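Structure record follows, encoded as C-alpha cells.
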Amino acid sequence: MEIAARFGTDGASPRAVHDVVKDLPIYADRPFCLTDGTDGFLDALPFMTKADLRRYFPHGFLRPGTSFASLIASKKVEVVRTSGTSSDRLQVLWDADWWERQEAAALKSHAYIGPRMTGEYTEAVLTTPLCSESVCKTGPATMEERRVDNLLFLNTQHDPSRWTHSDLARMADEIDRFRPAAIEADPVYLAVLARHLRDSRRPVFKFDWIILTYEFVSAIDKTAIRGLFGCPVFEFYGLTEAGVFFLECPKGRHHFCGSDSVVEVFRVTEGDDGWRGLPVNTGEAVVTTWGNSAAPLLRYRTGDLVTVGVDRCACGAPGPTVLSFEGRIRDVIKLPDGKVFTPRLIDDTLFGIPGLAQYVCVQEGPDSMRVDYVSDGPRDPGGEIVSQLHSILGTARVAARSAPFITPEQSGKYRTAVPL
Amino acid sequence: MSIRSEFPILNQTIHGMPVTYLDSASTSLKPRCVLEAIRKYYEEATANVHRSTHLFGETATQGYEDARNRAAHFLNARPDEIVFVRNTTEAVNLVALSLRLEKDDEILITPLEHHSNQLPWASKVKVVYVPLRPDGLPDSSRLEDLVTPRTKLMGLGLLSNVTGTRGDVEVWREVASKRGIPFLLDASQAGGHMPMDVQKLGCDFLAFSGHKVCGPSGIGVLWGKRSWLEQMAPPFLGGGMVHESRLDGYTVKEVPWCFEAGTPNVEGAMGLAAALEFLEKIGMKNVEDHSKELGRQMYDGLKGNRQLRLVADQTSERYGIVSFFVDIPGLSAEAFGRIMADTYGILLSAGKHCTHPYHDLIGFSATVRASTHVYTTEDEVNRFLDAVREITG
Ligand SMILES: Cc1ncc(COP(=O)(O)O)c(C=O)c1O
Ligand SMILES: [Zn+2]
C-alpha cells in the first residue's frame, strides 16, 4: 500500500516508541527496526486493527508482574469505552490525565484558540450523554451535577430528535448563565440547537469559538452553525482509543496536532477491495501513538478516510494537511461497477440544496439508493436531492423520502451514508 | 438429544469467539421446536381463536387450548386454572388489580423481590417486608410476627433472579394456609431451573413468563386456584371475555377466559407449549440437577476471589444464578460486563437486575450476574470462571 502522507514524524523517536511498547504482550511478536530512522521503523511495523485491541484487552496491555485489578485500583490508569454499538465499541486504557494533556496541547498550539485559552477558560459540551458513564449524565440531572471542572455538559437526552422546546430552551438558558468561552459539540446536535435558536428568535450567545468533533461533520450542519453563531468554527479529529490528531486552522485546512504520535495515510489504490474512483490523495488514516503508556498503538488502522494536501496551507503552517475527512470506510457506498462514494462526496453533492437540514443515504440494492431527509422550512428538497445524486451516481436508481427526523445509532452518532 | 444443537442461535460467533450466553435470567434462548411451532401458525393456520367458524379458526383455537393444557400439565394443575397473560409482570398486576384491595390493606413480601412482585403492590397498598438476615437472605422465621388481620396476600419469589436461591416456600405456605391468606409465587425464574408442581408447592397463585422457559416473549401464565380466580373481578374488558353483551349490561365468560380480553397471543401460546414440552422431555428433575451443578460450580469458582463480593455468599445451596459486586475501584459492574462480552464473548448482566431496593439494602451500587439454563455447559462456566480470574487476577 502506498503512503499519501505522514504527519508527526519530526517529533517521533523510534527508541521512545520502542521503550513504551516493548514489554506489552500485545506487541510481543512485532519486528522492530531501530536503526533506519522513523520512516524505517514505521515501515517495518505490521498493522493492527480494532479487532486486535478488542482481543487483547486487557491482558495484552499488562506489563509483566502487573494485574489488571491492581492497575485499575492504582488509579494511574482508567478504563474508558469508546462509543459505538457492541460490534463496534472498544474498552481502552488511559493513563490518568493523558487525554486532557494531549487535548490541551493540541488546542494550545492553535493560532486562534491557543492565545484565548486563559486560566479561567470554560467550555460547554453538547454531545450524546452516553459518551462516558462516569461524566455525562442521562436523565434529569441538575446543571450543578453536569458541571465537571471547567466543563458544562448540556445534554441529558439520548436522541436530539426527542428534544422538546423546553429541553432546547433549558440548554440555551444554561449557556447564557454559564457564559462559556467555547462549545465543543457533535455537529448534528449543535445544528439542531442552532435551528431552534434561529426559529425562536432568541438572542444567540456569542462563543469565542466552536469546536465540532465526535463524528463526521456535514457541511450542511457546519454552515448552519457558522451562520447562526457567527464565530470561528473548527473541526477537531480524534479517537477515544488513540488521541487527538487534527485541528482545523482559520483557513479551513486540518493540521496535525497530535502529541507523541504519528499519522500515516495509506492510499486506497485502484483495485484494493475492487474500489474505483477515489482521488490519489485519499486514504486511510493509520496512527502510531506512544504518549498513552497504558495503551500505546502501533500502526492502528482507524477505519477513517482522509484526503490530504501536500502544498503549504495559506495560514502559513508548514507540512502536509488534511483537506477533508471523508468518513468511515464502512460507510463508503460502492456501485456494481466498483465506483465508490465516500460520505464526504455524497455530502458535498447534497450541500447547498435549499431546505435540506439532514439526510441519510441508504443503499438499498446494488444500484439503488434511498435518501431519507429532514426539511428545513417549507421548501421540499426531495426533487433536487434526487437530481443532484443522479449527477454523481449515474444510472443508479435514487428515491428521496421526507422524514420527520432521523434517528441516531445506539451510540448516539449518525451515519449519513449506509452501504449495502 | 443434544440439547445445545437444538438452539440455532448458539452457532454464532462474536468477534470470532463462540457465544457464551450466561444471561438466561434476563431471557432464555429458544430451541428449534419453538421457532417451528410459531412458523406453523403463520404458515399453516393463522386465525383468531374462539371466534372463527372455519378450518384455520378451528386449528388455531385447538392449538391455543392445547397450549393451555400443556401449561396445566407442566404445573400439575387444571387447565381451567391457567390464564394466559403477557408475562410475570402482567400476571402479578392482574392479581393486584382483581383482588379488591384497599389502601390500608397489607401485602407481605421480601425485599429480594423483583420489581414485578413489588411495585404492583407498593402502588396500591401497604407493603410489609420480611427483614433480611445478616447473610443477605430473607428471614422467614419472622413471618408469623408480620402477618396482621389486614394481610391480604403473601408474595414470594420461588427462585431469586439475583442470588439464585430458592424462596422458603414451605415456611411461607404454612403460615399462609394457617392464616387463610392467599400465597403467590413469582416463578418467573424457576421454570428453567426446577420442577414447578403447584400441588406440591401449595401456593394459591403462581406466575411465570414464557420467555424465561425457552418460549417466546409476550406470553406468560398466571395459575390461580379456581376458588381464588372466581372471586376476582376481571380488570380488562372487551372482546373475547364476555359471554353476552347488551346495550344495558354484560355478563362475562367463566374462568379463565374472563381474564383474557382481546385477541390473545395465539402463536406465543403455541410456542410456549412447544417450549414446555421440550423441557419436559429433558425432564424437570434433570433440569434441576443441571442447574444446581452449575450453580455450585460458579459458587466454588468465585467465592474465594478477593476482588469480588458474592451476593448471599454464605449460601452454597443455589441454582445456576450468581451475582457479585466487583470490588475494584475504578471498574464498574457495567465495564466488567462489557469486557467480558467484548474480549471473551461471554454475555452477562450488569446493574441492579430490577431489584433496586435489595441492592440498596446490601450496599452494592450494581452487580454482575451470570445465569445458566438447560443449554449451558460446564465448559462454558469454566470459560467464564477463567475470564473472571484473568480480569481480577
Ligand atoms: C424473579 C423475577 N420476577 C419477575 C420477573 C419479570 O418477568 P417479566 O419481565 O417477564 O414480566 C423477572 C424477570 O427478570 C424475574 O427475574
Ligand atoms: Zn492552515
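The values are calculated or read from the model by the stated rules, or taken from the named source; none is laboratory data. Predicted, not measured: the structure shown is a model, and the values here were computed from it. All Cβ positions, even for glycine, are placed from backbone atoms using ideal geometry, and neighbour counts span all protein chains on display. Each accessible area value is taken on the protein alone, full model and side chains, heavy atoms only, with ligands, DNA and RNA left out. Shrake-Rupley method; radii C 1.70, N 1.55, O 1.52, S 1.80 Å.
In region A:113-231, the alpha-carbon atoms span a convex hull of 108 Å³ per residue. For a straight C-alpha distance cut-off of 17 angstrom, the lysines reachable from B:LYS200 (same-chain residues fewer than eight places away being disregarded) are B:LYS178, B:LYS225, B:LYS285.
In region B:12-57, the residues whose accessible area drops by at least 30 square angstrom when the other protein chains are added to the isolated chain are B:HIS15; the probe is 1.4 Å and only protein heavy atoms count. Restriction of the trypsin sites (Lys or Arg not before Pro) in region B:137-171 to DSSP coil positions whose beta-carbon has at most 14 other beta-carbons within 10 angstrom yields B:ARG150.
In chain B, carbon and sulfur make up what percent of the accessible area (probe 1.4 Å)?
Details: 7960 of 15690 Å².
Carbon-and-sulfur percentage of accessible area, whole number: 51.
Computed from the Cβ-Cβ distance with R0 of 22 Å, the FRET efficiency linking B:GLU230 to B:GLN199 stands at 0.70. For region B:70-100, trypsin sites (Lys or Arg not before Pro) meeting the loop criterion (DSSP other than H, G, I, E, B) and having at most 15 other Cβ atoms within 10 Å: B:ARG100. Length gained on full extension, B:ARG100 to B:LYS285, computed as 0.36 nm times the residue gap minus the Cα-Cα distance: 62.8 nm.
Remark: the protein assembly as shown carries 41 Å² of accessible area per residue (probe radius 1.4 Å; ligands, DNA and RNA excluded). Its relative contact order, with pairs defined as Cα atoms under 8 Å and 6+ residues apart, puts region B:33-281 at 26 percent. Within chain A, the longest run free of exposed loop sites, counting trypsin sites (Lys or Arg not before Pro) that sit outside DSSP helix and strand states (H, G, I, E, B) and have at most 10 other Cβ atoms within 10 Å, spans A:207-420.
For A:GLU184, the residues whose amide H sits under 5 Å from its own are A:ALA124, A:VAL125, A:LEU126, A:ILE211, ignoring neighbours fewer than 5 places away on the same chain, with H placed 1.01 Å from N.
How many nm separate the modelled label positions at A:LYS76 and A:LEU420, each set 7 Å beyond the Cα in the direction of the Cβ? Each label point is offset 7 Å from its Cα along the Cβ direction, giving 5.2 nm. Each residue of region A:10-16 is assigned a 3J(HN,Hα), and the resulting list reads 4, x, 9, 10, x, 5, 4 Hz, derived from the Karplus form 6.51 cos²θ - 1.76 cosθ + 1.60 (θ = phi - 60°), x at Gly and Pro.
If I take R0 = 56 Å and measure r between the Cβ atoms of B:ASP66 and A:THR164 in this structure, what FRET efficiency does the formula 1/(1 + (r/R0)^6) give, to the nearest 0.05?
Values: r = 49 Å, r/R0 = 0.88.
Result of the calculation: an efficiency of 0.70.
Applying 1/(1 + (r/R0)^6) with R0 = 56 Å to the Cβ-Cβ distance of A:GLU100 and B:THR46 gives a FRET efficiency near 0.40. Going from the chain on its own to the full set of protein chains, region B:338-373 has these residues losing 30 Å² or more of accessible surface (heavy atoms, 1.4 Å probe, no ligands, DNA or RNA): B:ARG338, B:ILE339, B:ASP342, B:THR343. 3J(HN,Hα) couplings calculated from phi for region B:37-47 with the Karplus curve 6.51 cos²θ - 1.76 cosθ + 1.60 (θ = phi - 60°) are, in sequence order, 4, 6, 4, 4, 4, 6, 8, 10, 7, 6, 6 Hz; Gly and Pro show x. A cut-off of 5 Å between modelled amide H atoms, ignoring neighbours fewer than 5 places along the same chain, links A:TYR300 with A:MET48, A:VAL287, A:THR288. Starting from the Cα of A:ALA141, step 7 Å along the direction of its Cβ; do the same at A:LYS108; then give the gap between the two resulting points in nm. In this crude label model, A:ALA141 to A:LYS108 measures out at 2.8 nm. Each 5 Å bin from zero holds the following percent of Cα-Cα pairs in region B:101-227: 2, 11, 22, 24, 22, 13, 5, 1, 0. Heavy-atom surface analysis with a 1.4 Å probe gives region A:355-420 a carbon and sulfur content of 50 percent of its accessible area. When all alpha-carbon pairs of chain A are counted, what percent fall beyond 26 Å? Result for the distance tail: 57 percent.
Report the rotationally averaged projected area of chain B based on its alpha-carbon convex hull, in square nanometres. Working shown, then result.
On the way: hull surface 81.8 nm².
Hull-based average projected area comes out at 20.4 nm².
Global size of the protein assembly as shown: 30.7, 97 Å for Rg and Dmax (C-alpha atoms, Rg to one decimal, Dmax whole). Under 5 Å from the amide H of A:VAL398 lie the amide H atoms of A:MET369, each residue being 5 or more positions distant or on a separate chain, with H modelled from the backbone and absent for Pro and chain starts. Evaluating 6.51 cos²θ - 1.76 cosθ + 1.60 at θ = phi - 60° for every residue in region B:237-243, the Karplus couplings come out as 10, x, x, x, 9, 9, 8 Hz, glycine and proline recorded as x.
Model label sites at B:VAL171 and B:ARG78, defined 7 Å from Cα along the beta-carbon direction, differ in position by 3.3 nm.
Test of understanding: given chain A, find the longest segment containing no GluC sites (Glu not before Pro) that are in a DSSP loop and have at most 16 other Cβ atoms within 10 Å.
Numbers: sites that count: A:GLU2, A:GLU120, A:GLU133, A:GLU144, A:GLU145, A:GLU270, A:GLU409.
That would be A:271-408.
Interface residues of region A:31-57, defined as those losing at least 50 Å² of solvent-accessible heavy-atom surface relative to the isolated chain (probe radius 1.4 Å), are listed as A:ARG54.
Of all the C-alpha pairs in region B:1-97, what % are more than 15 Å from each other?
Working: 3502 of 4656 pairs.
The proportion of pairs with Cα distances above 15 Å equals 75 percent.
State, in square angstrom and to the nearest 100, the accessible area buried between chains A and B, both chains counted, probe radius 1.4 Å. Intermediate values should be presented prior to the final figure.
Numbers: alone 18200 and 16440 Å², together 33130 Å².
For chain A against chain B, roughly 1500 Å² becomes buried.
Normalised by 2.2 N^0.38 Å, where N is the number of residues, the C-alpha radius of gyration of region A:172-234 stands at 1.01.
Distance between the C-alpha centres of region B:165-221 and region A:68-84: 42 Å, rounded to the whole angstrom.
Under conditions of 20 °C and 1.002 mPa s, region B:28-175 yields 118 µm² s⁻¹ as its translational diffusion coefficient, taking Rh as the Kirkwood radius over Cα pairs in the Stokes-Einstein equation.
Over all projection directions, the Cα-based convex hull of region A:332-420 averages an area of 5.5 nm². Once you mark the GluC sites (Glu not before Pro) that are in a DSSP loop and have at most 16 other Cβ atoms within 10 Å, what is the longest gap between them in chain B? In short, B:103-253. Restricting the trypsin sites (Lys or Arg not before Pro) of region B:1-62 to loop positions (DSSP other than H, G, I, E, B) with no more than 14 neighbouring Cβ atoms within 10 Å leaves B:ARG51.
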